[in-house]
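The values are calculated or read from the model by the stated rules, or taken from the named source; none is laboratory data. Worth saying up front: this structure is predicted, and the values here are computed from it rather than measured. Neighbour counts run over all protein chains shown; Cβ positions are idealised from the backbone, glycine included. These area figures cover heavy atoms from the full protein model, side chains too; ligands, DNA and RNA do not enter into them. Shrake-Rupley method; radii C 1.70, N 1.55, O 1.52, S 1.80 Å.
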Amino acid sequence: MYTQSFNVPDSAGLKSVPQAPSTENLEFQARFDSKVDADGKIEPQDWMPDAYRKTLVRQISQHAHSEIVGMLPEGNWISRAPSLKRKAILIAKVQDEGGHGLYLYSAAETLGTSRDQMLEGLHSGKAKYSSIFNYPTLNWADVGVVGWLVDGAAIMNQIPLCRCSYGPYARAMIRVCKEESFHQRQGYEALLVMMQGTAEQKAMVQDAVNRWWWKCLAMFGPPDADSPHSAQAMRWGIKRISNDDLRQKFVDATVPQAKVLGVTLPDPDLKWNEERQHHDYGQIDWDEFWATVNGSGPCNKERLATRVKAHNDGQWVRDAALAYSRKQQTHATKEAA
Ligand code: FAQ
């Protein structure tokens, strides 16, 4: 459905942090611009404008935080999955999301921002993560709908990021998208099975779709006219398709899937527009979106508290890893002497 075949090899992670020239250098800027214009890749060792670096750190760290916080709504269901098969699939999916967060933190680190700085931003509530993870997963149908719609929206947004102008982000996204495609399919398949079940199961699926649909449309970000970062991010080849265009692609791709599934999308204004060759859809509640982004969604406090607790509970693992590494270094030094 959303899959693309990717045959671009992953390159080894580049970790060097380049020093930008102290004075604005027109020659560097011209080289950067022409590389971006020619659809080339900017790599960590290349000179880049400070604003480009800042935009990337903002977007990639928000993206990484979304993957990590995004583990929570589904993670809550691992112990309650209805069968061993569903449990194994869900464990694998949640682990994948953790892995995506780690690739992305690594990509952001190549821009000179440490993991500790990014985590501090998340844990103190300063950094953003996707609005969608501040809503509750009330029952098993929600887990299927998260796979179908949330991962579906995520892939729609992420496939163009595989062509992002910043090399480490683009390469991380190729791997992420391959895995997200499986996530979307497993969610859709779980719902197909429920829709062949009892009337109660079918009603659960419809109810979950009703609760998640509008939140998924909002995931793509504010309308283009109200998106402060889009124009510059597109000029730099970070974003390739605008928020509204991606949202439209998602609606167009999802309508036939809903039909096959046998559910109704909760929008009386949703209809095919012959002239535009796209579906028209109703108004998104942007006040509710911004309230959620700014901390007042139903689960913001719970998600952040769970994340901070998990980080604090894991302190002993980090301490042990550091102690082990120090011990290894001491051994190596002694042997070399
Ligand atoms: N939630 O000017 P724009 C996933 C903020 S991963 C919260 O349009 P931009 C996998 C935006 O940050 C899901 N905040 O900004 C998964 C900015 O705030 P700032 C995450 C939002 O960056 C599935 C302000 O509004 N995906 O789901 C949201 O050009 C299942 C103005 O907005 C990514 O992060 C939002 N929905 O475009 C995991 C993809 N939308 O920084 C587990 C990469 C906007 O000025 C289970 N990111 N904002 O304070 C992007 O493509 C872009 O950053 C956008 C926003 C499209 C999200």
**OP:** Within the stretch 174-217, which residues have the backbone N less than 15 Å from the label spot 7 Å out from residue 271 along Cα→beta-carbon, could you tell me?
**Re:** none
Original post:
When every alpha-carbon pair in the chain is counted, what percent end up more than 33 Å apart?
Top reply: 32 percent
Subject >> Tilt relative to the chain, helix 315-336 - C-alpha long axis, 0 to 90 degrees, to 10 >> reply: 30 degrees
Original post:
Sorted by packing (mean other beta-carbon atoms within 10 Å per residue), highest first, where do 174-182, 108-116 land?
Top reply: 174-182, 108-116
Original post:
With the Cα gyration tensor of the stretch 184-313 giving a ≥ b ≥ c as the square roots of its eigenvalues, does the rule (a/c under 1.5 for rounded; else a/b larger than b/c for prolate; else oblate) give rounded, prolate or oblate?
Top reply: oblate
**OP:** Grab the beta carbon distance between residue 280 and residue 225, set R0 = 22 Å, and tell me the FRET efficiency rounded to 0.05.
**Re:** 0.80
**OP:** Would you work out what percent of the accessible area of the chain, with all protein chains in place, is carbon or sulfur (probe 1.4 Å)?
**Re:** 56 percent
Original post:
So what's the angle, to the nearest 10 degrees on a 0 to 90 scale, between helix 84-109 and the longest Cα principal axis of the chain?
Top reply: 40 degrees
